[in-house]
Amino acid sequence: MHRSFVLRTVLSRNSRRCFSWSAPQVQLLRASLPHVPAYGWTQDAVAAAVSSNTRLSVAATGLVQAPYDLIAFCMDEWNDQLRQILLERVNNYAEEWGTLSLVDRLHFAFSTRLKLQHEFLKANRWHEAMAVGARPEYVVTTSEKLQTMVETVCSLCQENTKASLNALEQFSLGAIYVAAELHLVSSNDTMTRFEDDETWAFLRQQLIQWDRLRNTTTLTALPESAATVAYVSSTLVSSLTSGLASLMFPSEIPRK
Amino acid sequence: MWTRTLQRIQVFQRAPKWCASTSRLPRKRNLSTSFDSSKAQPYVSGSSTHFGYEKVAVNEKESRVREVFDSVADSYDVMNDLMSSGLHRYWKDYLLQISAVESMAKAVRRSISTDQTDNNPLLHILDVAGGTGDVAFRFIEAANCVERSKSSGKDPIRITVCDINAEMLQVGERRARAKFGNSLLDDSQALQFQQGNAQDLCDFADCSFDLYTIAFGLRNVTDVDKALSEAHRVLKPGGRFMCLEFSQVPNPVLRQIYDAYSFNAIPAMGEFIANDRHSYQYLVESIRMFSNQDELVLRMQQAGFQHVKYTNLTGGIVAIHEGWKDVDTLL
């Protein structure tokens, strides 16, 4: 892998990857995700999905490129699902939603988003995805997807009577989310992973502190480029740390 | 005698001259930015076509190309290393990587049942113009066929190397036996060599291959549209076409350097090492006469391939084009 990385960098393969997919690719990616717990974020997972379609040549495996097509698609799907869940809350449970504080809403949004990763966390695969997402060729895309998620959460969770959250406030929320994700990945308690996991209490604590800080301090908005750099840095640091966590907590699922 | 000398001087004066300092190379193909994307002109129209920069009759090109490869067959691999400074290995490795042959082979071997009676291969790869076996050998190793050849019975994975040139195929088969032993070809039959013409793969049935690859061969075909049409025919639904070929360099500075190297150094190397300047002159000229990246995409689409795309390698010196057959209706 190192040799191919060096060669790619030196010889500059100059095709710009664009992470948007056609309908057949979406179908294939969706069919591949259930195989990720067994085979990892690899082309093997895609090949397993293709093999189950008897009408199709196994060569259709190459329609998508693991690992990042799988991971990027996952993130997009979860961002869409989160958006739908939050919209449902805002529209169909407006009264109840209106009584919640900003911290409660953000806690609900972020914990919902984290819980969408349940299957891959349970299979000890998500830390691998985080490590891949931190690679130089993907880190900007990863950060953009995280930024999209935070913007969605902020736009649907903010209180109507108050001003929108500025870039710095959004950046700090992004950092809180990533920290909570790291906490969840590093948690080694397989018996009570989700419902009673300490991560939810950790997340709530961070959000309370964040809310206290924003209410007592005047924060100035960062320029857009600085916010992006901050996201990238935050993602890099946390993903590198999770990469280390992946070494400390190897997967218990046998690899095929 | 003087008349003949005068004629030779006139021919020489008319022929384009190439050197690093004067850029008088004929511009045969527009780059993709100025390409008319509505429809590709037929690759062959009329009774003549190009053989490098020379105009020849259509029915003459095939024999001229065959002569070139008959001449270079024995030194082909050495010359590839010298001309590309070893880069051709990286390009072929990258082709292997994105072909996903390893993953496909694992999936196929996992799916085999103990009472498998069907003799048709479950993964069948066709490597066209692959005479000396460079690409095919990579597939063999990635698909773990050597290990499988130690067991009895036919391998459910087969790679067929097809080339119009018998000399190149003989070199390939000799190398295969030396590298892998005889069981791979004779017992498990995971590797086969078969002579054939990319424009008319009459020995192969419709829908018989999962993957069709052609590395540094498509530009030597007389009618590329016919070759693409045949590739589409022999691929199964969902099958994949991959072409690794020299292409057009978009960056003007890199293009200057590349042209100077191609037209000065490569023919000279051919003369010095293989004692065959003209064949290597043809190889260099044929690159400039071939379709650029976007033109080839259009031709592939016209042949019926879907999701056609290309990846430039090394600044566009080579490109890998890929496309699929009939995935839209099956997925």
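The table that follows gives values for the structure above.
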item: Surface accessible to a 1.4 Å probe, residue A:127 within the full protein complex, Å²; result: 20 Å²
item: Shape category assigned to segment B:227-291 from the gyration tensor of Cα positions, a/c cut at 1.5; result: oblate
item: Amide H contacts of residue A:123 (H built 1.01 Å from N, under 5 Å, at least 5 apart or other chain); result: none
item: Inter-site label distance for residue B:277 and residue A:104 at 7 Å from Cα along Cβ, in nm; result: 8.8 nm
item: Contour excess over end-to-end distance, with Cα ends at residue B:111 and residue B:150 and 0.36 nm allotted per residue; result: 12.1 nm
item: Two-site FRET efficiency, residue A:208 against residue A:168, from Cβ-Cβ distance with R₀ of 25 Å, rounded to 0.05; result: 0.85
item: Calculated P(r) of segment B:179-313 - Cα pairs past 21 Å, %; result: 54 percent
item: For segment B:209-221, Karplus couplings with θ = phi - 60° (6.51, -1.76, 1.60), whole Hz, Gly/Pro x; result: 10, 8, 9, 10, 10, 9, 10, 6, x, 5, 6, 8, 6
item: Accessible-area ranking of A:95, B:54, B:322, largest first, probe 1.4 Å; result: A:95, B:54, B:322
item: Linear extension gain, residue A:159 paired with residue A:53, 0.36 nm per residue minus alpha-carbon span; result: 33.4 nm
item: Minimum 50 Å² accessible area buried by the other protein chains, segment A:52-77 residues, probe 1.4 Å, relative to alone; result: A:55, A:56, A:57, A:58, A:59, A:63, A:65
item: Accessible surface of residue A:135 - all protein chains present, 1.4 Å probe, nearest 10 Å²; result: 70 Å²
item: Share of pairwise Cα separations in segment B:256-331, more than 15 Å, in percent; result: 65 percent
item: Interchain or long-range residues, amide H under 5 Å from residue B:193's placed H; result: B:161
item: Distance from segment B:164-239 to segment B:122-159 (C-alpha centre basis), Å; result: 12 Å
item: Descending semi-axes in Å of segment B:206-245, equivalent ellipsoid built from Cα gyration tensor; result: 18, 12, 6
item: Karplus-derived HN-Hα couplings along segment B:260-265 (A = 6.51, B = -1.76, C = 1.60, θ = phi - 60°), whole Hz, x at Gly and Pro; result: 4, 5, 4, 7, 9, 7
item: Accessible area buried between chains B and A, both sides summed, probe 1.4 Å, in Å² to nearest 100; result: 2600 Å²
item: For a label point 7 Å along the Cα-to-beta-carbon line of residue A:198, residues of segment A:96-134 with backbone N under 20 Å; result: A:111, A:114-115, A:121-122, A:124, A:127
item: Accessible area, probe 1.4 Å, largest first, for residues A:85, B:159; result: A:85, B:159
item: Accessible surface of residue B:79 - all protein chains present, 1.4 Å probe, nearest 10 Å²; result: 0 Å²
item: Alpha-carbon gyration tensor eigenvalues x 5, square-rooted, for segment A:22-65, Å; result: 15, 11, 9
item: Percentage, to the nearest whole number, of Cα pairs in segment A:110-163 over 12 Å apart; result: 73 percent
item: Solvent-accessible surface ranking, highest first, for A:214, B:110, A:55 at 1.4 angstrom; result: A:55, B:110, A:214
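The values are calculated or read from the model by the stated rules, or taken from the named source; none is laboratory data. Here the structure is a predicted model, which means the values were calculated and not measured. For neighbour counting, all protein chains shown are included, and Cβ atoms are generated from backbone atoms with ideal geometry for every residue, glycine included. The protein model used for the area step is the full one, side chains on, heavy atoms only, and it has no ligands, DNA or RNA in it. Shrake-Rupley method; radii C 1.70, N 1.55, O 1.52, S 1.80 Å.
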